[in-house]
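Novice: Would you mind keeping the following structure in view while I ask a few things?
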Amino acid sequence: NLEVLRIPVVFHVIRTSNGTGNVPDSRLNSQIDILNEDFRALSGTPGAPGTDTKIEFALATVDPNGAPTTGINRYNNSTWYSDGGSYWNTLAWDPDVYLNIYTLGAPQGSSGILGYVPFLPASSPNSVGSNSDRVVVLNSAVGRNAPAAPYNQGRTLTHEIGHFLGLNHTFNGGCGGSNCYTSGDLICDTNAESQPEYNCPANSSSCGSPDPVRNYMDYSPDTCMTNFTEEQARRIRCTLEFYRPALAM
Ligand code: ARG
Ligand code: ZN
């Protein structure tokens, strides 16, 4: 009987100096809906209902000074747009109490990736709560019916926030070793798989059991992704409560 916890989100929409790369409010709002559908297992995709993590997301309504806010900030800066210049030190709202999400044109510069989080807390617990504790996402992959098909139904942020809350990729460590809590993705109810899945095969078993291609922590297309497992949901809750106790209410 877990209580529902709600995480306040602030979107920092970074555009070029002439304003290219905006994400409209409508897509930011639909992204919040998608996070709630996925983390509360409401998305109802046939065949693979996920686990309800009992975690919800809402745009922040109060800013760090106590004033009303939409939870959406926009800036024009071409250096920041390419993920340069340590913008988080200028822009972050207290990471202990807000989930800071930055949308920009080129996460990690020219590498072409959809999003990332500095991997926390496993590798660097001390930076939890610092300004660099953030989620970065490609602007065109944000929200429902976004431009970046097939990564256009908001699940890049579901995946990145999975990392933010302590989850590894399902393909981490490939087929892994004999102990599923010390190898692979360190989760026992996600089957091991030998590599990321970029499609949505109905039957693939790279390590002798069905690959978890519908899990949010694989690399499959957004419409293929349908679930967190029960153990992933528990790790998400534990990461939130242990490492970021002030983030949700
Ligand atoms: N490649 C990114 C990462 O490793 C995100 C993958 C997101 N996949 C998706 N279907 N939206 O964090
Ligand atoms: Zn990932």
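Novice: In the chain, which cysteines lack any other cysteine Cβ under 4.7 Å from their own?
Specialist: Isolated Cys, the chain: Cys238.
Novice: Here is a further query. Just need the relative contact order of the chain here, percent rounded to a whole number, with Cα pairs under 8 Å and 6+ apart.
Specialist: It comes to 21 percent, rounded to a whole number.
Novice: For the range 114-249, what class follows from the C-alpha gyration tensor (a ≥ b ≥ c being the square roots of its eigenvalues): rounded when a/c is under 1.5, otherwise prolate if a/b is larger than b/c, else oblate?
Specialist: Oblate is the answer for the range 114-249, as a/c is 1.5 or above yet b/c matches or exceeds a/b.
Novice: Need one word for the range 175-234: rounded, prolate or oblate. Basis is the Cα gyration tensor (sqrt eigenvalues a ≥ b ≥ c); a/c below 1.5 gives rounded, then a/b vs b/c decides. It would help to have the intermediate numbers written out before the result.
Specialist: Details: a/c = 2.20, a/b = 1.30, b/c = 1.69.
Oblate, because a/c is 1.5 or more while a/b does not exceed b/c.
Novice: Same structure, new question: Along the positive direction of the dipole of the chain (beta-carbon charges: Lys, Arg +1; Asp, Glu -1; about the Cα centre), which of Thr223, Ile32, Ser140 reaches farthest?
Specialist: Ser140
Novice: Let me ask something additional. Ordered by packing density, taken as the mean number of other Cβ atoms within 10 Å over each peptide's residues, highest first, how do 232-243, 209-220, 85-96 rank?
Specialist: 209-220, 232-243, 85-96
Novice: Continuing with this model, one more query. Based on the Cβ-Cβ distance of Ala149 and Asn29, what FRET efficiency does E = 1/(1 + (r/R0)^6) give at R0 = 25 Å, to the nearest 0.05? It would help to have the intermediate numbers written out before the result.
Specialist: Values: r = 20 Å, r/R0 = 0.80.
Step by step, r from the Cβ atoms, then E = 0.80.
Novice: What shape does the range 86-184 take by its C-alpha gyration tensor, where a ≥ b ≥ c are the square roots of the eigenvalues and a/c under 1.5 counts as rounded, a/b above b/c as prolate, and the rest as oblate?
Specialist: Oblate is the answer for the range 86-184, as a/c is 1.5 or above yet b/c matches or exceeds a/b.
Novice: With a point put 7 Å past each Cα toward its Cβ, work out how far Ser78 is from Met249 in nm, to one decimal.
Specialist: 4.1
Novice: Place a point 7 Å from the Cα of Asn199 along the Cα-to-Cβ direction; which residues of the range 219-242 have their backbone N under 14 Å from it?
Specialist: Taking a point 7 Å out along Cα→Cβ of Asn199, the residues of the range 219-242 whose backbone N falls under 14 Å are 220-221.
Novice: What distance in nm separates the simple spin-label points at Asn179 and Ser209, each placed 7 Å from Cα in the Cβ direction?
Specialist: Inter-label distance under the simple model: 1.7 nm.
Novice: Would you compute, for the Cα atoms of the chain, the largest minus smallest coordinate along each principal axis and list the three values in descending order, in whole Å?
Specialist: In descending order, the Cα extents are 51, 36, 33 Å.
Novice: Here's a follow-up. So what is the 222 nm mean residue ellipticity for the chain from helices alone, if each DSSP H run of at least 4 adds -39500 (n - 2.57) and you divide by all residues, rounding to the nearest 500 deg cm²/dmol?
Specialist: Here the helix-only value at 222 nm equals -5500 deg cm²/dmol.
Throughout, read-outs are computed from the coordinates displayed, never taken from laboratory work. Keep in mind the model is a prediction, meaning the values are calculated, not measured. Backbone-built Cβ (ideal geometry, glycine too); neighbour counts: all protein chains shown.
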